[in-house]
Amino acid sequence: MSVRTQSSEESAEDVHRAGFACFVGRPNAGKSTLTNALVGQKVAITANQPQTTRHTVRGIVHRPDAQLILVDTPGLHKPRTLLGERLNDVVRTTWAEVDVIGFCLPANEKLGPGDRFIAKELASIKKTPKIAIVTKTDLVDGKTLAEQLIAIDQLGKELGFEWAEIVPVSAVGDKQVGLLADLIVPLLPEGPALYPEGDLTDEPEQVMIAELIREAALEGVRDELPHSIAVVVEEMLPREDRPADKPLLDIHAFVYIERPSQKGIIIGPKGKRLKEVGIKSRKQIEALLGTPVFLDLHVKVAKDWQRDPRQLRKLGF
């Protein structure tokens, strides 16, 4: 079993590599946090409950020797709704198109049926190199980590494939995140950069803004409305009659929920919660865009949107 804990001296090659890697794992295995740590800026929505990532967000890591494009997929899970089925289709399509697959397994949770379900699916993808990434290592002691590494090595053997690497990391503690990139890069094809220097993601700004609003809206109501919130940015317009040195961007967005009874939860007493959502997301949007923003938020009911194909399309799924 080859477990990497420090960077090996690779022979200095002058080749440039560029390609795609995706992180898979059951929901809440640390995929989005790892993407953000590698890119060095917040590009993927992170939350403490499963199924927050709905869009394929690419984070782009620029290095002198390589460009690594990270595809952040929803967690693969046994679907219970039409939305769930579509999310799983997105995952499988992505796996077929990337150069490297990183399977995220939290150090602080024993391997379970969900991990085996995904590993089995991975075993059927023969050509793509697979790296096992043991996440959240800051939450366990050395003995627990060693046991997890052995269990993961065994899992590959049981299913008839070998991990290209097994790497323990802590995205929160910034431990071995750079090493992970060093190990992925040699597995990418040789070629020029695919995105301009400075780009961190190819997500349209409106999608990223909607995700930031959704993340803020989920804060504090996770238990009550974990999957019932969708956000659509209807309009982004620079405010007219503003001097060039004092621009203002008007953003109009709708927060969609499934039932009228959920409206009060999102809005809060005397509109307090919605106001907090607006303040928090506006700060993050301003940081993302580098410009002052006026954010206009409205809450709308889209009845049972997770099960309705027409509404799923309208809300961007």
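Read-outs: derived from the displayed coordinates by stated rules, not from any lab. As the structure is a prediction and not an experimental result, all values here were calculated from the model. Reconstructed Cβ throughout: ideal geometry from the backbone, glycine too, with neighbour counts over all protein chains shown.
To the nearest whole percent, what portion of all C-alpha pairs in region 205-314 is separated by more than 20 angstrom?
Summing the P(r) of region 205-314 above 20 Å gives 40 percent of all pairs.
Could I have the simple spin-label model distance between Phe117 and Arg242, label points 7 Å from Cα toward Cβ, reported in nm to one decimal?
4.6
Could you pull out the pairs from Lys246/Lys283; Lys31/Lys246; Lys127/Lys157; Lys120/Lys175; Lys31/Lys283 whose alpha carbons sit more than 27 Å apart here?
Lys31/Lys246; Lys120/Lys175
List the lysines whose Cα sits under 18 Å from the Cα of Lys280, skipping any in the same chain fewer than 8 residues away.
Lys42, Lys270, Lys272
Could you tell me what percent of the DSSP beta bridges with both partners in region 17-187 are antiparallel, to the nearest 5?
Here the share of antiparallel DSSP bridges comes out near 25 percent.
Within 10 Å, count the other beta carbons around each residue, average over each peptide in 164-174, 25-35, and list them highest first.
25-35, 164-174
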